[in-house]
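Engineer: Just dropping this structure here.
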Amino acid sequence: MGLFNLFNKKENSANSPFSQSTNNGVTLPEIPETVFIAKEAEDNKEQEDKIATPPSENGITLLFQFLEKNHEGKGYDDALMNPDNLHLQQNVESLKNDMERTMRKIKTFYEDFIREINFHIESRGRCGMIDTAEELIVKKETAENHIQKIIEIENDAKENRGLAQGVLLSYTRGFRNGLAAISHHSIMKKSF
């Protein structure tokens, strides 16, 4: 018992570095557990959720994100850097190429998806899983509808009309606003 009494002595506990009071009798505040212990379980769960739900930036959503982006600021900045009409035309062509590349990427994604889904429809149909095969057919029809919408947007873009026109208009508007800002700053502000 002498060994256990060593730990119970109050004299030694006051001098111990692990005690909550000092020699002056001042009580130190408790330090919360979170200061020393990292909660890895929650962080790992969040990372697993991110892996389990991949971003849906492969389908038509990617195209609409591109079409909805406002390019006016980029046009304005480009005009301030190089206020040349040829520069405007080259950047408009670059935007058209970006749009075309995005549409090809999305169409390729849907074509691959439809090939894969066709295999699943046939395989599940052979196994007698009629409900599953019908659900897959609905998914396939949705993908085909998305491809049709993309083709419509692509045709409109070639003729500079429709949804694709907004991208080009916003960039051109920004570029022209940049040109106007240059004129206003360098010419209009000068007094004679």
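The values are calculated or read from the model by the stated rules, or taken from the named source; none is laboratory data. Remember, predicted model here, so these are calculated numbers, not experimental data. Counting neighbours? That spans all protein chains shown, and the Cβs are built from the backbone with ideal geometry, glycine included.
Engineer: Out of everything in segment 153-180 that is polar (S, T, N, Q) and closer than 19 Å to LEU62 by Cα, what residue ends up being surrounded by the fewest Cβ atoms within 10 Å (Cβ to Cβ)?
Structural biologist: ASN155
Engineer: Hey, can you tell me all the residues within segment 86-101 that are buried (at least 16 other Cβ atoms within 10 Å of the Cβ) and either out of contact with any Asp or Glu (no Cβ under 7 Å at 6 or more places or on another chain) or on the phi > 0 side of the Ramachandran plot (or both)?
Structural biologist: LEU88, VAL92, LEU95, LYS96, MET99
Engineer: Inspect segment 180-189 for any residue being small (Gly, Ala, Ser), part of a loop (DSSP other than H, G, I, E, B) and under 29 Å from LYS74 (Cα atoms) and give the result as yes or no.
Structural biologist: Checking segment 180-189: not a single residue is small (Gly, Ala, Ser), part of a loop (DSSP other than H, G, I, E, B) and under 29 Å from LYS74 (Cα atoms).
Engineer: Please determine, by comparing only the residues of segment 141-179 that are of a type outside the set (Gly, Ala, Ser) and part of a loop (DSSP other than H, G, I, E, B), which one is farthest from the chain's Cα centre (by Cα).
Structural biologist: First pass over segment 141-179, keeping only residues of a type outside the set (Gly, Ala, Ser): 141-142, 144-156, 158-161, 163, 165, 167-169, 171-173, 175-177, 179.
Those still in the list that are part of a loop (DSSP other than H, G, I, E, B) too: 159-161.
Working: GLU159: 30, ASN160: 28, ARG161: 28 Å.
By that ranking, first place goes to GLU159.
Engineer: Moving on. Determine if segment 111-129 includes at least one residue that is part of a helix (DSSP H, G or I), of a type outside the set (A, V, I, L, M), within 28 Å of the chain's Cα centre (by Cα) and within 30 Å of HIS184 (Cβ to Cβ). Before the answer, list the steps.
Structural biologist: Going residue by residue through segment 111-129, those that are part of a helix (DSSP H, G or I) are 111-126.
Those still in the list that are of a type outside the set (A, V, I, L, M) too: 111-113, 115-116, 118-120, 122-126.
Imposing the further condition that a residue be within 28 Å of the chain's Cα centre (by Cα) reduces the set to 111-113, 115-116.
Of the ones still in play, those that are also within 30 Å of HIS184 (Cβ to Cβ) are none.
No, segment 111-129 contains no residue that is part of a helix (DSSP H, G or I), of a type outside the set (A, V, I, L, M), within 28 Å of the chain's Cα centre (by Cα) and within 30 Å of HIS184 (Cβ to Cβ).
Engineer: Still on this model: Taking the criterion of being surrounded by fewer than 15 Cβ atoms within 10 Å (Cβ to Cβ), at negative phi and in contact (Cβ under 8 Å) with a residue 12 or more places away in the chain, would at least one residue in segment 119-131 satisfy it?
Structural biologist: Checking segment 119-131: not a single residue is surrounded by fewer than 15 Cβ atoms within 10 Å (Cβ to Cβ), at negative phi and in contact (Cβ under 8 Å) with a residue 12 or more places away in the chain.
Engineer: Only one of ILE114, ILE106, ILE150 is of a type in the set (Val, Ile, Thr), surrounded by 12 or more Cβ atoms within 10 Å (Cβ to Cβ) and in contact with an Asp or Glu (Cβ under 9 Å, 6 or more places away or on another chain). Can you tell me which?
Structural biologist: On the way: ILE106 fails: in contact with an Asp or Glu (Cβ under 9 Å, 6 or more places away or on another chain); ILE150 fails: in contact with an Asp or Glu (Cβ under 9 Å, 6 or more places away or on another chain).
Residue meeting the stated conditions: ILE114.
Engineer: Next question, about the same structure. Which ones in segment 58-99 are polar (S, T, N, Q) and either in a helix (DSSP H, G or I) or touching a residue at least 40 places away in the same chain (Cβ under 8 Å) (or both)?
Structural biologist: Selection gives ASN58, THR61, GLN65, ASN70, ASN85, GLN89, GLN90, ASN91, SER94, ASN97.
Engineer: Checking the structure you have, find out if any residue of segment 181-188 is closer than 21 Å to VAL92 by Cβ, of a type in the set (Val, Ile, Thr) and either at pLDDT 95 or above or surrounded by 15 or more Cβ atoms within 10 Å (Cβ to Cβ) (or both).
Structural biologist: no
Engineer: Go through segment 140-192 residue by residue and tally those that are under 15 Å from MET81 (Cα atoms), without any contact (Cβ under 8 Å) to a residue 40 or more places away in the chain and either in contact with a Ser or Thr (Cβ under 9 Å, 6 or more places away or on another chain) or not small (Gly, Ala, Ser) (or both).
Structural biologist: 1
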